[in-house]
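Encoded as structure tokens, the structure appears first; notes follow it.
Read-outs throughout are calculated quantities, based only on the coordinates presented, and are distinct from any laboratory measurement. What you are looking at is a predicted structure, and each value in this text was computed from that prediction instead of being measured. For neighbour counting, all protein chains shown are included, and Cβ atoms are generated from backbone atoms with ideal geometry for every residue, glycine included.
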Amino acid sequence: MVTVLVTGAAGFIGMHLCRRALDAGLRVIGLDDINEYYDPALKRARIGQLTNSQFRFRTCDISDYKTLESALSGAAPDVILHFAAQAGVRYSAVNPWVYERANIAGSLNILEWGRRHCPQAKFICASSSSVYSAQSRIPFREDDPCDAPVSLYGATKRSGELIADAYASAYDMAIISLRLFSVYGPWGRPDMAYWLFAEALLADQPLHIYDDGAGMRDFTYIDDVVECVLRFSQRHANFGRHDVFNIGHSEPHSVLAMVRLLEKTLGKSGDLRFEGPQPGELRTTYASIKKLRMAINFAPRIGIEQGLQKFCDWFVEWRNGRDLPIRAITPK
Ligand SMILES: NC(=O)c1ccc[n+]([C@@H]2O[C@H](COP(=O)([O-])OP(=O)(O)OC[C@H]3O[C@@H](n4cnc5c(N)ncnc54)[C@H](O)[C@@H]3O)[C@@H](O)[C@H]2O)c1
């Protein structure tokens, strides 16, 4: 039976990946440190969704190599989906060190562990649209230079790609890095705009919008991302030692348009407060997905209207009976 190791298994995308792999009949080992960047109860509840005898969960901080070695003692995964990270652009201006630990040391440790214990494993690592810069051509293409990220978060994700590049060429490991664009959906991330706005609308609180709301995001629905990851794992042998792909819907919407859709879906009218530009945020993110389509014969297909409806259906049920705010950011 194929064994898949998923780092960041208690996270938004990691949990969906675990669920899909278990549904496909695979054995899954999930790793996560369940840190307090946002409410750990949400992370535990995600893990609670993975009720399957083929699922094993281990709490582990991947930035410590010895801890990782002992958490994975005896494991021999065929596929490694490395999705653990300290995410979020804004928080990287508050606590840069946690990004260095989770995203640089953590990624290095996962690759080093793989090199020592299962060099033949197929690696798929989560990167981000944040590796692009304000000067990048639009839509963003994988072969454009990515040497001027505007946030520390982007710099650490780019570092992860470069470390993967070095491991692939030095040790002949097969690695794919996926640059994800604004992923959203049920069991999502409470620090992201769509969640914060939905939460504010339902609580009749003001919506704090950065800049003028005209900034564009290439919102990408979670099920489409999971489908792409699955297809990459099935076709892994077709690619170079280290290959990079964008995963985005390739149809950006303004933040204001996203707010209007949330208002319509939730039947609420928001009190919008415009807060001025945020350092570290790109004005527009827009994925070219030509390379993605060629590689896996698939492109994200769930539009923002349908995707936000699915998120809101889940969110309304999830928050029922819970105190607001659900979100908690605890600086470490
Ligand atoms: N959601 C998006 O829009 C988006 C966009 C671009 C890239 N990504 C990338 O996708 C991946 C998953 O993101 P997500 O949205 O699911 O975020 P998430 O925060 O929900 O999930 C990340 C998980 O990693 C865990 N983690 C963090 N540091 C760790 C450490 N040192 N050791 C072990 N576990 C640790 C966290 O506890 C969390 O559960 C990340 O690599 C992120 O950078 C996400």
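See the values below:
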| quantity | calculated |
| --- | --- |
| DSSP-assigned coil residues among trypsin sites (Lys or Arg not before Pro) in region 63-164, each with at most 11 further Cβ atoms within 10 Å | R137 |
| Taking the convex hull of Cα positions in region 248-307, its mean projected area over all directions (nm²) | 5.4 |
| Net charge dipole size for the chain [Lys, Arg +1 and Asp, Glu -1 on Cβ; Debye, nearest 20] | 620 |
| Beta bridges by DSSP in the chain, antiparallel share as percent, to the nearest 5 | 5 |
| Approximate spin-label separation S254-E69, in nm, with each point projected 7 Å along Cα-to-Cβ | 5.5 |
| Out-of-range pairs (alpha-carbon distance over 31 Å; input K43/K122; K268/K290; K43/K290; K157/K264) | K268/K290; K43/K290; K157/K264 |
| For region 137-264: relative contact order, % (alpha-carbon pairs under 8 angstrom, 6 or more apart) | 36 |
| Distance between region 25-96 and region 120-168 - C-alpha centres, whole angstrom | 21 |
| The chain - Rg (one decimal) and Dmax (whole number), Cα, Å | 18.9, 55 |
| Region 101-194: radius of gyration over Cα atoms, expressed as a fraction of 2.2 N^0.38 Å | 1.17 |
| Over region 170-228, relative contact order from alpha-carbon pairs under 8 Å, at least 6 apart, % | 48 |
| At 1.567 mPa s and 4 °C, Stokes diffusion of region 69-133 via Kirkwood alpha-carbon radius, µm² per second | 99 |
| Separation in nanometres of the label points that stand 7 Å from Cα toward Cβ, at Q49 and R301 | 2.2 |
| Two-site label geometry, E112 and D271: point separation in nm, points 7 Å out along Cα→Cβ | 5.1 |
| Spin-label proximity, Q309 to region 207-231 - amide N less than 20 Å from point 7 Å beyond Cα toward beta carbon | 219-225 |
